[in-house]
Amino acid sequence: MELKVLGQDNAAPQGGCSSGTCGSSEDGMGHLPDAVREKVHNHPCYSEEAHHFYARMHVAVAPACNIQCHYCNRKYDCANESRPGVVSELLSPDQAAKKVLAVASEIPQMTVLGVAGPGDPLANPERTFATFREIYAKAPDIKLCLSTNGLALPDHVDEIEALKVDHVTITINCVDPEVGAKIYPWVFWNNRRIKGAKGAKILIERQQKGLEMLLERGILVKVNSVLIPGVNDEHLKEVSRIVKAKGAFLHNVMPLIAEAEHGTFYGVMGQRGPSKQELSDLQDACAGDMNMMRHCRQCRADAVGLLGEDRGQEFTLDKIEAMDIDYEAAMNKRANVHAGIEAHRDALRAEKELADGHETLLAPLGTPPARIAVTTKGGGVINEHFGHAKEFLVYEASPEGIRFIGPRKVENAYCVGPDVCPDGAEKGTVLDAILDSLSDCSAVVSAKVGIEPWSQLEAAGITPNGAYAMDLIEDAVKGMYGDLVDQGWSAKDLHVQAAS
Amino acid sequence: MALSIIESCVNCYACEPLCPSQAISLSGQHFLIDGTKCTECDGDYADPQCAEICPIEGAILNAAGEAINPLGSLTGIPPFKMAQAMAEIQAR
Ligand code: SF4
Ligand code: SF4
Ligand code: SF4
């Protein structure tokens, strides 16, 4: 049987699927038409596999917004696109273009430039499109994408098409104005602030119209939704049905993050975010045959680098000023590096196909599933130390195969610097936060695990492992699952976790 | 007759392009309204545009010096709730 690796169509976890019906699904894109697949193949945000190899960046050129979301405090960046409480350094379109060209020459894995804030890119059309025009002229190999709340979208579809923007993300949290009234206190429309359900109705109509217009012109559309328990959780299933029927290629459900400190309506009013299990249940319910972007890291609006890493500090304005860039040479270098990456990915695929032919069950049927966290710096292998990880990728292994559950971010890595580990109480809280975020996991696989965290992990019922260093993530997860089964580990009840 | 922007402005640039009188500009720490140019949008729009789009409660004052968007009017957070939350955070 064919083992599904990183597959998303977990609706049928028991049977897997007979080869030929779902094609190769190692990038979670098996269900998409070839043309769409081709388009997202190198996109680190959309292709589950590509995000290990390619880099993207966002530039903060668009400060204004034309609506208010209850999970956003406009003192900070757009909460649709970055984590709450982040303030990006605002760039002029000129500065932004310079920065992009500098990054693209220093980080040749770079394939995508996004404009996502700090406000709404289409509430700042001059700034957003001036940036895109500049990049389109000087580095036409770079893909452009933008994210929007959708209110102004129908007005800009022509320009989006003209500049060959190939990915647009629309944040759609509802299709019912009554639900919308609980999420959006107002929208600015036709020179007036319009509150409540009336405003939400306008927003919803504009989002749907923009979605349809983009799809008519063959532009890829991803839909983001924020899961707000008790407000739109059930409703998101309908949202998913509708956007899927219209042709969005991906629906990404993100958890609400609400803390009083952020000063947002939800934060101050005590609205809670979803538990890990609520999130993954809803993602399952919405998935159907559609790809869900579980590897989404809710990156910062001005992030630079591979997903889960941010090299923004290397590209501050004064450093960029000092750089001397040859656009032609940089573009050739990118083409070479990308060709190298593709050759590597082809080789990995070929290896896997060979292996798949001989694959058997990972464990006897009926063995309970186990969640396994891994740490990586990119490249698709186990190459990050436990102590340095600020992000854990969680997989679920069952006898039939493994699937990706999602990333878990922690505020602080266990060690502060390369050789510095925190001491005393501080160390305790840092580790507690990590243990908490991995509470549903039975094992964590890293390039290396220190002695102290090792015993604490064991005490928390999470088996640490450093034996799969430099192995492919999926091989390591399979191997680790086998180890757990051999050790007769006591499986965690993944549904009890849901209650917490 | 003119509106004014005070220091709670977060420099989001939303108001500036909307002003029919080119009265708004970024100067120093935040945006300011040139009182000699501001018409309160009279003759152009039914409502003063800067105050209609500004997301920050209290950032824009009318000619009498009162907040056009008072506390709670834009976010929907009752002022006492906000005060409570702030006090709790301070106490930590
Ligand atoms: S669209 Fe983004 S910037 Fe605007 S209110 Fe919503 S989260 Fe904030
Ligand atoms: S009230 Fe009207 S004219 Fe005056 S600053 Fe605001 S937008 Fe400009
Ligand atoms: S809209 Fe309000 S916060 Fe934004 S720049 Fe104008 S006055 Fe400042």
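The values are calculated or read from the model by the stated rules, or taken from the named source; none is laboratory data. Since we're looking at a predicted model, the values are computed, not measured. In this analysis, Cβ positions are derived from the backbone assuming ideal geometry, glycine residues included, and neighbour counts consider all displayed protein chains. Surface areas here come from the heavy atoms of the whole protein model, side chains and all, with no ligands, DNA or RNA. Shrake-Rupley method; radii C 1.70, N 1.55, O 1.52, S 1.80 Å.
Filtering the stretch A:330-352 to residues that are free of Cβ contacts under 8 Å to residues at least 40 places away in the same chain, within 19 Å of A:Gln109 (Cα to Cα) and open to solvent by 50 Å² or more (accessible area, probe 1.4 Å) leaves A:Asn332, A:Ala339, A:Ala343, A:Asp346, A:Ala347. Just to be sure before I move on: is A:Leu153 under 30 Å from A:Met269 (Cβ atoms) and more than 14 Å from chain B (Cβ to nearest Cβ) in the structure I sent? Yes: the conditions hold for A:Leu153.
Checked against (1) within 18 Å of B:Gly76 (Cβ to Cβ); (2) not in a helix (DSSP H, G or I), A:Lys201 passes all but a single condition, namely (2).
Inclusion of A:Asn173 among residues that are within 14 Å of another protein chain (Cβ to nearest Cβ) and either touching a His at 6+ places or on another chain (Cβ under 7 Å) or among the polar types (S, T, N, Q) (or both) is not warranted. Selection of the stretch B:32-60 for residues being near ligand 3 (Cβ under 8 Å from one of its atoms) and of a type outside the set (A, V, I, L, M, F, W, C) yields only B:Pro55. Once the stretch B:18-33 is narrowed to residues that are more than 8 Å from ligand 2 (Cβ to nearest atom) and in contact with a strand residue (DSSP E or B) (Cβ under 9 Å, 6 or more places away or on another chain), the residue that is most open to solvent (accessible area, probe 1.4 Å) is B:Leu26. Look at (1) facing chain A (nearest Cβ under 10 Å); (2) over 16 Å from the mean Cα position of the chain (by Cα); (3) over 19 Å from A:Ile194 (Cα atoms) and you find that B:Glu16 fails only one, number (2). Within the stretch B:38-76, the set of residues being small (Gly, Ala, Ser) and more than 7 Å from ligand 2 (Cβ to nearest atom) comprises B:Gly43, B:Ala46, B:Gly58, B:Ala59, B:Ala63, B:Ala64, B:Gly65, B:Ala67, B:Gly72, B:Ser73, B:Gly76.
Of all residues in the stretch A:433-475, those satisfying the criterion of being assigned to a strand (DSSP E or B) and open to solvent by less than 30 Å² (accessible area, probe 1.4 Å) are A:Cys441, A:Ser442, A:Ala443, A:Val444, A:Val445, A:Pro464, A:Asn465. Here A:Ala60 clears all of (1) out of contact with any strand residue (DSSP E or B) (no Cβ under 7 Å at 6 or more places or on another chain); (2) away from ligand 2 (no atom under 16 Å from the Cβ) except the condition numbered (1). Candidates in the stretch A:184-212 are the residues that are farther than 18 Å from A:Ser147 by Cα and more than 14 Å from chain B (Cβ to nearest Cβ); of these, the one that is surrounded by the most Cβ atoms within 10 Å (Cβ to Cβ) is A:Ile202.
Screening B:Thr36 against (1) open to solvent by 40 Å² or more (accessible area, probe 1.4 Å); (2) within 24 Å of A:Met269 (Cβ to Cβ) leaves a single unmet condition, (2). Taking residues in the stretch B:43-55 that are under 14 Å from B:Ala2 (Cβ atoms) and open to solvent by 10 Å² or more (accessible area, probe 1.4 Å), and partners anywhere that are acidic (Asp, Glu) and near ligand 3 (Cβ under 9 Å from one of its atoms), the pairs with Cβ atoms closer than 9 Å and at least 6 places apart or on different chains are B:Cys50/B:Glu16. If you go through the stretch A:238-270 and keep only what is open to solvent by less than 40 Å² (accessible area, probe 1.4 Å) and within 14 Å of chain B (Cβ to nearest Cβ), you end up with A:Ala258, A:Ala260, A:His262, A:Gly263, A:Thr264, A:Tyr266, A:Gly267, A:Val268. Here B:Val10 fulfils each of the conditions (1) part of a loop (DSSP other than H, G, I, E, B); (2) facing another protein chain (nearest Cβ under 9 Å); (3) more than 11 Å from the chain's Cα centre (by Cα) apart from (3). If you go through the stretch B:64-92 and keep only what is closer than 29 Å to A:Asn124 by Cβ and more than 11 Å from chain A (Cβ to nearest Cβ), you end up with B:Ala67, B:Pro70, B:Leu71.
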